[in-house]
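The values are calculated or read from the model by the stated rules, or taken from the named source; none is laboratory data. Nothing here was measured: the structure is a model prediction, and the numbers come from that model. To get the accessible areas, we keep the full protein, side chains included, count just its heavy atoms, and leave off ligands, DNA and RNA. Shrake-Rupley method; radii C 1.70, N 1.55, O 1.52, S 1.80 Å.
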Amino acid sequence: MEPLDWILVIVRWGHALGAVAWVGGGIFYLFVLRPAFQRAPAGDVPQRAIGSEFRGLVNTAIALIIITGIVLSAARLTSGAVSTAYVVVLAVKVALALYMFGMVWFRRRRNSPEGGPGSAGWWPRARKELTGTTAVLVAGVIVIGLADVLSALFEASLGR
């Protein structure tokens, strides 16, 4: 293996680590932290401290995923061994990742709890579902699955 290959292995490892932290953290939040926060007294100091630490994990995972994703995409797209199907799947993966990161940013900017009172009608309910933690987590799981699809498409384009 050449030095560039080793660098790409490290970058792939960092990308996978960021994805695991993102999706694993989302699962932990959805099934452990959120229910615990809902039962705890409002304004509890440990709640704020845990939330702050969790935001740090999320921010680090997002940065790692974006930086390593750009490097990995550039390496694959300039290899000359990608198919149209690969580019389409990559575009879907990037769009879902941007959706996830955008929803995190949107929720922070709104600074409102996910479980707040909803408005009547189908659109407010649909918007709440599409911007909620569960939707972002499902998108993350799909993105991880698309990573396997991309690997298979790349290997197929190399004739392996």
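The selection criterion, being open to solvent by 80 Å² or more (accessible area, probe 1.4 Å), more than 19 Å from G26 (Cα to Cα) and at pLDDT 75 or above, does not hold for T60.
Can you tell me which residue within the stretch 35-57, out of those that are of a type in the set (S, T, N, Q) and open to solvent by less than 80 Å² (accessible area, probe 1.4 Å), is farthest from L150 (Cα to Cα)? The extreme case among them is Q47. In a helix (DSSP H, G or I) and under 13 Å from the mean Cα position of the chain (by Cα): is that true of I7 in this structure? Against the criterion (in a helix (DSSP H, G or I) and under 13 Å from the mean Cα position of the chain (by Cα)), I7 does not qualify. Scanning the stretch 40-57 for residues that are aliphatic (A, V, I, L, M) and modelled with pLDDT under 75 yields A42, V45.
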